Amino acid sequence: MTPFPGGIDANANATLLFSLAAAVIYAFTIDMPPKLARSAVKTLAVAMLAVLASLQGGPWLLVAALTLSAIGDAFLSREGEKAFLGGLASFLVAHGLYIALYLRFGDGVGLLSAEPWRAAIAMAMAVFALAMLFALWRRVGPALRLPVSVYIAAILAMAISALTLSNFWIIGGAALFIASDGLLASEKFLLSAISPHRAWMRNAAWMLYYAAQLAITMGFLLG
């Protein structure tokens, strides 16, 4: 059974399968040197979700957010501070687009106070974001402190704005997104270079990130 009509040969289902295959291949190559083929596979995983959203007539904000995320993946697949800042900037814009998307289709921020469980999740996300900011502030260089702080604020706003929707795929995707970024930041800045935990944290961060993008995409296309 396929999620979209037309069977496995339909463009939408084939595109989704291509995206899933790229995500799995990247998971097996994540610890290899940052060569062009590895970067291409990582970029294609979410880029194909953007193509899928476009094929299925998804909101343009979703298509744009996924496209910017794929560009961010391309930057982060390379090494160096410039590539990191490029990825950070791409995802910062992507989160802005996600915020606009959620607020456009959501029921308003008043829903957070109307339903206590939403407010509780928002508070937990805020505590997690502040804890990450406190931990990272002492470990990143002075030049990165402002970009990292702005990014943390943006992803927190993205995750909280998702709570204005009633689609649990999208809410879950946003929560997975913030968890993935927490793992990624911990692996990059908080662990020692020889820590045995680096490998599993990189893999877990990727799997959570891709699951987040997939859940958000499918939430809008099938919800």
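The values are calculated or read from the model by the stated rules, or taken from the named source; none is laboratory data. All figures in this text were calculated on a predicted structure; none of them were measured in a lab. Cβ coordinates were reconstructed from backbone atoms using ideal geometry, including for glycine residues, and neighbour counts include every protein chain displayed.
General observations
- When residues of the range 1-43 are limited to those that are of a type in the set (Ser, Thr, Tyr) and in contact (Cβ under 8 Å) with a residue 40 or more places away in the chain, the one farthest from ALA64 (Cα to Cα): TYR26
- Sub-9 Å Cβ pairs linking a first residue in the range 201-223 that is under 18 Å from PHE18 (Cβ atoms) to a second residue that is small (Gly, Ala, Ser) and part of a loop (DSSP other than H, G, I, E, B), at least 6 apart or interchain, are THR217/GLY58; LEU221/GLY57; LEU221/GLY58, ordered by first then second residue.
- Residue that is farthest from SER90 (Cα to Cα) [pool: residues in the range 155-170 that are hydroxyl-bearing (Ser, Thr, Tyr) and outside any helix (DSSP H, G or I)]: SER166
- Yes/no for THR67 being outside any helix (DSSP H, G or I), among the polar types (S, T, N, Q) and within 30 Å of LEU16 (Cβ to Cβ): no
- Those residues of the range 2-41 which are at positive phi and either modelled with pLDDT of 95 or more or loosely packed, with under 11 Cβ neighbours inside 10 Å (or both), in sequence order: GLY7
- Which listed residue is aromatic (Phe, Trp, Tyr), more than 30 Å from ILE194 (Cα to Cα) and not in a helix (DSSP H, G or I), from PHE18, PHE4: PHE4
- Qualifying residue in the range 163-177 (condition: buried (at least 17 other Cβ atoms within 10 Å of the Cβ) and more than 17 Å from THR217 (Cα to Cα)): no
- Residue in the range 44-67 that is touching a His at 6+ places or on another chain (Cβ under 9 Å) and either touching a residue at least 24 places away in the same chain (Cβ under 8 Å) or crowded, with 17+ Cβ neighbours inside 10 Å (or both) present: yes
- Residues in the range 126-137 include none that are surrounded by fewer than 20 Cβ atoms within 10 Å (Cβ to Cβ) and within 30 Å of PHE4 (Cα to Cα).
- You will find that of ILE155, ILE160, the residue that is over 26 Å from TYR26 (Cα atoms), of a type outside the set (Gly, Ala, Ser), within 15 Å of the chain's Cα centre (by Cα) and surrounded by 15 or more Cβ atoms within 10 Å (Cβ to Cβ) is ILE160 and no other.
- Scanning the range 189-207 for residues that are surrounded by fewer than 21 Cβ atoms within 10 Å (Cβ to Cβ) and in contact with a helix residue (DSSP H, G or I) (Cβ under 8 Å, 6 or more places away or on another chain) yields a count of 11.
- Pairs, first without any contact (Cβ under 8 Å) to a residue 12 or more places away in the chain in the range 114-135, second surrounded by 15 or more Cβ atoms within 10 Å (Cβ to Cβ), C-beta under 8 Å, six or more apart: ALA119/LEU112
- Against the conditions (1) in a loop (DSSP other than H, G, I, E, B); (2) in contact with a Leu (Cβ under 7 Å, 6 or more places away or on another chain); (3) at pLDDT 95 or above; (4) not charged (D, E, K, R), ALA50 satisfies every one except (1).
- Any hit, the range 103-117, residues being surrounded by fewer than 17 Cβ atoms within 10 Å (Cβ to Cβ), within 20 Å of GLY219 (Cα to Cα) and acidic (Asp, Glu): yes
- Sole residue being assigned to a helix (DSSP H, G or I), of a type outside the set (Val, Ile, Thr) and at pLDDT 95 or above, chosen from GLY182, GLY173: GLY173
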